[in-house]
Amino acid sequence: MSQELRREYLVRLPLPLAQLYGRAHHAKDARARHDHAFYLFEAAVKLAAAPLIAAYLEDLRQGFPRVEALDRL
């Protein structure tokens, strides 16, 4: 695994994700690197899920049936 900072990530990622990536890379100890990498992953998942949630809510508004499994999340 490369230990170099990938500057293209800093340029291409949305600012909050780029900041988390930079924090994870520059952390002083393993625990801080782990924590910041976890926060980066968590934010990326939330960012990826947001349009899917919006599409589901729009489908509900248009009269499509609810999905019980999604309502329990």
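The numbers here are math on the coordinates, done by the rules we state, and not lab data. As the structure is a prediction and not an experimental result, all values here were calculated from the model. Don't worry about glycine lacking a Cβ; one is built from the backbone with ideal geometry, like all the others, and counts go over all protein chains shown.
Numbers for the structure displayed
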| read-out | value |
| --- | --- |
| Contacts under 8 angstrom Cβ, first residue in the range 43-67 being within 21 Å of LEU13 (Cα to Cα) and free of Cβ contacts under 8 Å to residues at least 40 places away in the same chain, partner assigned to a helix (DSSP H, G or I) and charged (D, E, K, R), 6 or more apart | none |
| Filtered residues of the range 17-73 (kept if of a type in the set (Gly, Ala, Ser) and surrounded by 11 or more Cβ atoms within 10 Å (Cβ to Cβ)) | ALA18, GLY22, ALA24, ALA27, ALA32, ALA37, ALA43, ALA44, ALA49 |
| Residue in the range 6-18 that is on the phi > 0 side of the Ramachandran plot, out of contact with any Gly (no Cβ under 6 Å at 6 or more places or on another chain) and in a loop (DSSP other than H, G, I, E, B) present | no |
| When residues of the range 25-73 are limited to those that are of a type in the set (A, V, I, L, M, F, W, C), part of a loop (DSSP other than H, G, I, E, B) and out of contact with any His (no Cβ under 9 Å at 6 or more places or on another chain), the one nearest to GLN3 (Cα to Cα) | LEU73 |
